[in-house]
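Everything below concerns the one structure shown next.
The values are calculated or read from the model by the stated rules, or taken from the named source; none is laboratory data. From a predicted model like this one, the values you see are computed outputs, not experimental measurements. Cβ placement follows ideal geometry from the backbone for every residue including glycine, while neighbour counts extend to all protein chains displayed. Protein only, heavy atoms only, side chains kept; ligands, DNA and RNA dropped before computing areas. Shrake-Rupley method; radii C 1.70, N 1.55, O 1.52, S 1.80 Å.
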Amino acid sequence: MILPLVKGLLLTLKRFLNPFTCVTESYPDARPRLAKRFRGLPELQIGEDGREKCVACGLCAKVCPSQCISIEGAEDEQFRRYPSMYELDSFRCIFCGFCEEACPERAILLGDVFELATDKNSGVLDKEKLLESARKRKL
Ligand code: SF4
Ligand code: SF4
């Protein structure tokens, strides 16, 4: 009965005496370390050819429980399908990851962006905005 208490006290003492143990994040001065499974804002991905991977199949929009994805598909001159319009309402997204799971092309992935404060007119993100992070990584 006394053993768990002693163990707890020893752990407290160890943390107390170790100056490098910091349980408080210094955010926003230092970005927090995010877990690998962290689910941030969905991002569209680009392929090796520098174009969006999305083929506008519409599966992500179908499975999205918040119905926050709108897509219009088109075909280019090589009959390749692409989204002529892709919009995601970030205010309605619940970061469930269903869109990522459903996508056959791995064209939409939940990234590590979590700073989403914005004004009421900027919540709907268009294709270029959703491709921004992927383009930056390619540079
Ligand atoms: S993470 Fe969930 S709520 Fe957000 S866009 Fe994807 S399916 Fe919709
Ligand atoms: S499921 Fe993937 S390929 Fe299909 S529309 Fe969504 S992002 Fe594009």
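Return the residues of region 39-71 that are among the charged types (D, E, K, R) and either near ligand 2 (Cβ under 7 Å from one of its atoms) or without any contact (Cβ under 8 Å) to a residue 60 or more places away in the chain (or both); say none if nothing qualifies.
Those that are among the charged types (D, E, K, R) and either near ligand 2 (Cβ under 7 Å from one of its atoms) or without any contact (Cβ under 8 Å) to a residue 60 or more places away in the chain (or both): Glu48, Asp49, Arg51, Lys53, Lys62.
Could you tell me which numbered condition Asp119 fails, if it satisfies all but one of (1) of a type outside the set (Lys, Arg); (2) more than 11 Å from ligand 1 (Cβ to nearest atom); (3) open to solvent by less than 60 Å² (accessible area, probe 1.4 Å)?
The one condition Asp119 does not meet is (3).
Let's see how each residue does on (1) of a type in the set (Phe, Trp, Tyr); (2) more than 16 Å from ligand 1 (Cβ to nearest atom):
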site	(1), (2)
Ile2	no, yes
Phe16	yes, yes
Tyr27	yes, yes
Phe38	yes, no
Glu72	no, yes
